[in-house]
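The values are calculated or read from the model by the stated rules, or taken from the named source; none is laboratory data. Keep in mind that this is a model prediction, so the values were computed, not measured. We place every Cβ from the backbone using ideal geometry, glycine too, and count neighbours over all the protein chains shown.
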Amino acid sequence: MQRTIKQSVLELVQGDITEMETDAIVNAANAQLVMGGGVAGAIRKKGGPAIQEECNRIGGSHVGGAVITTGGNLKAKHVIHAVGPRMGEGDEDRKLKDATLNSLKIADQHHLDSISFPAISTGIFGYPLDRCARIMLSAVINYLKGETGLRRVVFCLYGEESFSAFHEELRTRGKE
């Protein structure tokens, strides 16, 4: 599913984010930037040790923050590590919105044309998929309505459940 917003394309795909050929992929990170399991583990495994080594040098980020590293051996040149909230920690919706927006801002600061997002915080952090879809899609759509160099934003969603939640949210939003 695709939607054009000003000069940018917003796209939903079901698949493996580590295979995306966008300038950057987003890692659903923890605040320590330790790439353990889930999306981070898959990125670490395919991208190689250079990504974690760079994360170690950076040292961490706050919840809602984002940092950029090399893409290592990935097809994407960069990984943007967005620190999403854990359910139950408080103010989760704002923190997820901030993680999404900070990722987009970093992509623009580095003059990137394209970025791929996963469904941040919906794995071990326990964030509900439908809420994640609503917040992340809203943040991206509003961002693309402003001044940006991004030409393509992809939500690369692992599994039918994630894809369906985002597809339904984008469908019900109608033409923005």
- Task: Of the numbered conditions (1) touching a His at 6+ places or on another chain (Cβ under 7 Å); (2) at pLDDT below 95, residue 149 fails exactly one; give the number of that condition.
- Result: (2)
- Task: Quick one: in the range 128-146, of everything that is part of a helix (DSSP H, G or I) and of a type in the set (D, E, K, R), which residue is nearest to residue 162 (Cα to Cα)?
- Result: 130
- Of those in the range 64-94 that are within 14 Å of residue 127 (Cα to Cα) and among the aliphatic types (A, V, I, L, M), the residue nearest to the chain's Cα centre (by Cα) is 83
- Item | Candidates 39, 9 - the one that is closer than 22 Å to residue 132 by Cα and in a strand (DSSP E or B) | 9
- Message: Quick check on residue 98: is it acidic (Asp, Glu), in a helix (DSSP H, G or I), closer than 18 Å to residue 126 by Cα and within 14 Å of the chain's Cα centre (by Cα)?
- Response: yes
- One residue from 106, 80, 68 being assigned to a strand (DSSP E or B), surrounded by fewer than 22 Cβ atoms within 10 Å (Cβ to Cβ) and in contact with a strand residue (DSSP E or B) (Cβ under 6 Å, 6 or more places away or on another chain): 68
- Does the range 119-137 contain any residue that is in contact with a Leu (Cβ under 7 Å, 6 or more places away or on another chain), under 14 Å from residue 25 (Cβ atoms) and at pLDDT 95 or above? yes
- Message: Residue under question is residue 156, and the condition is that it be farther than 17 Å from residue 5 by Cβ, part of a strand (DSSP E or B) and among the hydrophobic types (A, V, I, L, M, F, W, C); does it hold?
- Response: yes
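This table checks each residue for (1) at pLDDT below 95; (2) farther than 15 Å from residue 136 by Cβ; (3) in contact with an Asp or Glu (Cβ under 7 Å, 6 or more places away or on another chain).
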residue	(1), (2), (3)
40	yes, yes, no
47	no, yes, no
61	no, yes, no
68	no, yes, no
77	no, yes, yes
100	no, no, no
104	no, no, no
- residue 105 vs. criteria farther than 23 Å from residue 147 by Cβ and out of contact with any Lys or Arg (no Cβ under 7 Å at 6 or more places or on another chain): no
- Message: Out of 62, 111, I need the residue that is surrounded by fewer than 23 Cβ atoms within 10 Å (Cβ to Cβ), touching a residue at least 12 places away in the same chain (Cβ under 8 Å), on the phi < 0 side of the Ramachandran plot and not hydrophobic (A, V, I, L, M, F, W, C). Which one?
- Response: 62
- Message: Every residue in the range 121-164 that is buried (at least 21 other Cβ atoms within 10 Å of the Cβ) and of a type in the set (Gly, Ala, Ser), please.
- Response: 121, 133, 162
